[in-house]
Amino acid sequence: QVQLVESGGGLVQPGGSLRLSCAASGSTSSIVTMGWYRQAPGKQRELVAQITSDGSTNYVDSVTGRFTISGDNAKNTVYLQMNSLKAEDTAVYYCHAYAGVMVVSRVGYWGKGTLVTVSS
């Protein structure tokens, strides 16, 4: 089992930067993929950035070039560095992990979310 706790959300002005953190605990060695999702009011949750077990990363087009996902295995933590923030980035950001020793039993885990508000 994996537990995820996000932190780093807050209020920032357009063009500013913010770094989100997600601390994982439990069976962290079984994690295959970790990522960040976000959900804005009236919209469905969407994948923002993801990092896989081989180190590969991918981003939604709207954040490519502005956001960077990275991880620190020693601290069991994944980060989302957000630069050049826009008002449309405002949302609750959720950390997600896909874990499990056996492929057939792998499941997803979610953090409770952290609110990011971009406004002047």
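The values are calculated or read from the model by the stated rules, or taken from the named source; none is laboratory data. Every value quoted in this text rests on a predicted model; they were computed, and no experiment measured them. A quick note on method: Cβ atoms are made from the backbone with ideal geometry, for glycine too, and the neighbour counts reach across all protein chains shown. In case anyone asks, the SASA skips ligands and DNA or RNA and just uses the protein heavy atoms, side chains included. Shrake-Rupley method; radii C 1.70, N 1.55, O 1.52, S 1.80 Å.
Quick notes on this structure:
- Meets criteria (of a type in the set (D, E, K, R) and over 14 Å from residue 4 (Cβ atoms)) for residue 86: yes
- Single match in 35, 65 (criterion: modelled with pLDDT of 95 or more, out of contact with any helix residue (DSSP H, G or I) (no Cβ under 9 Å at 6 or more places or on another chain) and open to solvent by less than 30 Å² (accessible area, probe 1.4 Å)): 35
- Test result for residue 103, open to solvent by less than 60 Å² (accessible area, probe 1.4 Å) and either out of contact with any His (no Cβ under 6 Å at 6 or more places or on another chain) or among the small types (Gly, Ala, Ser) (or both): no
Results for (1) among the acidic types (Asp, Glu); (2) closer than 23 Å to residue 43 by Cβ; (3) surrounded by 13 or more Cβ atoms within 10 Å (Cβ to Cβ), shown as yes or no for each residue.
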site	(1), (2), (3)
76	no, no, yes
87	no, yes, no
90	no, yes, yes
96	no, yes, yes
107	no, no, no
112	no, yes, no
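- Test result for residue 20, closer than 20 Å to residue 115 by Cβ and in contact with an Asp or Glu (Cβ under 9 Å, 6 or more places away or on another chain): yes
- Scan of region 38-61 for residues that are under 15 Å from residue 93 (Cα atoms) and either open to solvent by 60 Å² or more (accessible area, probe 1.4 Å) or in a loop (DSSP other than H, G, I, E, B) (or both), ordered by number: 39, 40, 41, 42, 43, 44, 45, 59, 60
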